[in-house]
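**Q** Please find one structure pasted underneath; my questions will follow.
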Amino acid sequence: MPLRVAVASSDGKYVNQHFGHAKQFLIFDIQENGKYRFIELRKNTPSCSGGVSNDNARKKTLKLLKDIDVVLVSQIGPGAAESLISSGIKPYKMPTFIVEALKELTPEIK
């Protein structure tokens, strides 16, 4: 079964968005053999503005990511990380190229 990953990225090349500031998530599936493929881009309403978190917006983001196993971000606050974990989603801070981050997750599948 593939690992479904949401990547917080503004440019489609680099994991460069803070979870609460992400306006979009790129969705990938990673197969057991390490091959990955882009599935879709999901638009998001950021749940954090000016350092203040909006619980309703965070709930919408969690609903948007309900079928996701892992979220890759450049940064994430403790409250958002706990919300993801409570929803069965593993958050990882991996501010690197998306291709490199997806390769690092391959052992997670096995």
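The values are calculated or read from the model by the stated rules, or taken from the named source; none is laboratory data. Note that the structure is a prediction, hence the values are computed from the model and not measured. Please note: Cβ atoms are built from the backbone with ideal geometry, for glycine as well, and neighbour counts cover all protein chains shown. For the accessible areas, the whole protein counts, side chains as well, though only heavy atoms, and no ligand, DNA or RNA atoms are used. Shrake-Rupley method; radii C 1.70, N 1.55, O 1.52, S 1.80 Å.
**Q** Do the alpha carbons of any pairs in LYS13/LYS63; LYS43/LYS63; LYS13/LYS90 sit beyond 23 Å of each other, and which pairs?
**A** Numbers: LYS13/LYS63 25 Å; LYS43/LYS63 12 Å; LYS13/LYS90 21 Å.
Listed pairs above 23 Å: LYS13/LYS63.
**Q** When ligands, DNA and RNA are left out and all protein chains stay put, how many square angstrom of accessible area per residue does the chain have with a 1.4 Å probe? Spell out each step's value before the answer.
**A** Values: 6180 Å² over 110 residues.
Using a 1.4 Å probe on heavy atoms only, each residue of the chain averages 56 Å².
**Q** Still on this structure: Please report, as a whole percent, how much of the solvent-accessible surface of the chain comes from carbon and sulfur atoms (probe radius 1.4 Å).
**A** Working: 3240 of 6180 Å².
So the carbon and sulfur contribution to the accessible surface is 52 percent.
**Q** Here is a follow-up. Rounded to the nearest 20 Debye, what is the dipole magnitude of the stretch 1-72 about its Cα centre when Lys and Arg each give +1 and Asp and Glu each give -1 at the C-beta?
**A** Values: 12 positive and 7 negative charges, 48 e Å.
Rounded to the nearest 20 debye, it is 240 debye.
**Q** Here's something else I'd like to know. Under 19 Å from a point 7 Å along the Cα-to-Cβ line of ASP11: which residues of the stretch 54-73 have their amide N that close?
**A** Only 72-73 pass the distance filter.
**Q** Continuing with this model, one more query. Could you pull out every residue, at least 5 positions away or on a different chain, whose amide H is within less than 5 Å of the one on ILE39? Hs are placed 1.01 Å off N in the peptide plane, and Pro or chain starts have none.
**A** Sorted by chain and number, the residues that satisfy this are ILE27, PHE28, ASP29.
**Q** Is it possible to state the helix-based mean residue ellipticity at 222 nm for the chain, with each DSSP H run of 4+ residues giving -39500 (n - 2.57), the sum divided by total residues, to the nearest 500 deg cm²/dmol? What is it?
**A** -8500 deg cm²/dmol
**Q** A further question follows. Between LYS23 and ASN56, what is 0.36 nm times their sequence separation minus the Cα-Cα distance? Round to one decimal in nm. Before the final figure, lay out each step's value.
**A** Values: separation 33, 0.36 × 33 = 11.88 nm, distance 1.54 nm.
Full-extension gain reported as 10.3 nm.
**Q** Which one, (1) 1.11; (2) 0.98; (3) 1.23, gives Cα Rg over 2.2 N^0.38 Å as derived from the coordinates shown?
**A** Correct label, based on the coordinates given: (2).
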